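As structure tokens, the structure follows; a few thoughts come after it.
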Amino acid sequence: MGDISNVQIGVQNLTYGGEDLGHTNGGCEFAYEPEYTDILVDLYGNTVVDKALTGEVVRVTVPLAEVTLDKLKNAIPTGTIVEDTTSGKKKLTIGSTAGKRLSASAKELVLHPSWLPAEDKSFDIKLHKAVITSEVALPYRKDEQTVYEVEFTALIDETKQDGGLLAVIGDDSIV
């Protein structure tokens, strides 16, 4: 029989590289997408005898509600913040040469349920090395709040053990 206490609702607090990503509008979504290839042998024709893992994708989609240059810099990892220290003015420049690798700017992404105390990591979702790989669209409309959706993709972290190269759900301090 089911257990109603296991039903969850609520929002996540998000940190990226230790920085709070701010308010969201529309919730966030974690997705795990395995990719398999069929193993076939002549004896059984086109009947699959096994499947082999050929890849995995871990994504987190987040609609961000706070629009600042610093927060947009997270969304546009190849951009550069330029600041005039005397005036305090800032700008975000965009445009890089082809071939720039995102792994250099990958950071840890942590989703922590807002209803749990900070020390309770039992339902945390952590992407070890996350990068934003989505289009960034800033809608400016007279009757609508500006919310921009970003998609984080996990990259392989070779310092982790096989089976945990991309992410962890739960308390990461368990060895």
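The values are calculated or read from the model by the stated rules, or taken from the named source; none is laboratory data. The structure displayed is predicted, hence computed values, not measured ones. Using ideal geometry, Cβ is built from the backbone for each residue, glycine included, and neighbour counts are taken over all protein chains shown.
What are the residues in the range 140-167 that are over 13 Å from Lys126 (Cα atoms) and not in a loop (DSSP other than H, G, I, E, B), if any?
Hits for the range 140-167 are Arg141, Glu144, Tyr148, Glu149, Val150, Glu151.
Please pick out the residue among Ala130, Ala137 that is closer than 24 Å to Phe30 by Cβ and part of a strand (DSSP E or B). Working first, answer last.
On the way: Ala137 fails: part of a strand (DSSP E or B).
After applying the criteria, what remains is Ala130.
Of everything in the range 109-126, what is out of contact with any Asp or Glu (no Cβ under 9 Å at 6 or more places or on another chain) and loosely packed, with under 15 Cβ neighbours inside 10 Å? Give them in sequence order.
Ser114, Trp115, Pro117, Ala118, Glu119
Just checking, does the range 70-91 include any residue being closer than 18 Å to His23 by Cβ, surrounded by 12 or more Cβ atoms within 10 Å (Cβ to Cβ), without any contact (Cβ under 8 Å) to a residue 24 or more places away in the chain and in contact with a Lys or Arg (Cβ under 9 Å, 6 or more places away or on another chain)? Write out each step before concluding.
Pass one, the range 70-91, residues closer than 18 Å to His23 by Cβ: 70-75.
If we keep only those that are surrounded by 12 or more Cβ atoms within 10 Å (Cβ to Cβ) as well, we get 70-75.
Subsequent filtering for residues that are without any contact (Cβ under 8 Å) to a residue 24 or more places away in the chain retains 70, 73.
From what's left, in contact with a Lys or Arg (Cβ under 9 Å, 6 or more places away or on another chain): 70.
Yes, the conditions are met somewhere in the range 70-91.
Go through the range 96-107 and give me each residue that's of a type outside the set (D, E, K, R) and free of Cβ contacts under 8 Å to residues at least 12 places away in the same chain. Break it down into steps so the answer makes sense when it comes.
Kept after step one, since they are of a type outside the set (D, E, K, R), are these residues of the range 96-107: 96-99, 102-106.
Hits for the range 96-107 are Thr97, Ala98, Gly99, Ala104.
Do any residues in the range 1-30 that are at positive phi have Cβ atoms under 6 Å from those of residues that are among the basic types (Lys, Arg) and in a strand (DSSP E or B), where the two are at least six apart or on different chains, and which pairs are they?
Here the result reads Gly17/Lys107, each pair linking the range 1-30 to a residue that is among the basic types (Lys, Arg) and in a strand (DSSP E or B).
So if I check each of Lys90, Lys100, Lys121, which one is of a type in the set (Lys, Arg), in contact with a Leu (Cβ under 7 Å, 6 or more places away or on another chain) and more than 30 Å from Ile39 (Cα to Cα)?
Values: Lys100 fails: in contact with a Leu (Cβ under 7 Å, 6 or more places away or on another chain); Lys121 fails: in contact with a Leu (Cβ under 7 Å, 6 or more places away or on another chain).
On inspection, the qualifying residue turns out to be Lys90.
I want to confirm something. Restricting to the range 44-81 and keeping residues that are farther than 20 Å from Gln12 by Cβ and among the basic types (Lys, Arg), which single residue is modelled with the highest pLDDT?
Across the range 44-81, the extreme among qualifying residues is Lys51.
Every residue in the range 108-127 that is within 15 Å of Gly170 (Cβ to Cβ), in a loop (DSSP other than H, G, I, E, B) and touching a residue at least 24 places away in the same chain (Cβ under 8 Å), please. Steps first, please.
As a first pass, look at the range 108-127 and keep what is within 15 Å of Gly170 (Cβ to Cβ): 110-113, 116, 119-127.
If we keep only those that are in a loop (DSSP other than H, G, I, E, B) as well, we get 116, 119-124.
Residues satisfying the conditions are Lys121, Ser122, Phe123, Asp124.
Select from the range 139-167 the residues that are out of contact with any helix residue (DSSP H, G or I) (no Cβ under 9 Å at 6 or more places or on another chain), more than 16 Å from Ala106 (Cα to Cα) and of a type outside the set (S, T, N, Q) and list them in ascending order.
Pro139, Tyr140, Arg141, Lys142, Asp143, Glu144, Val147, Glu149, Asp162, Gly163, Gly164
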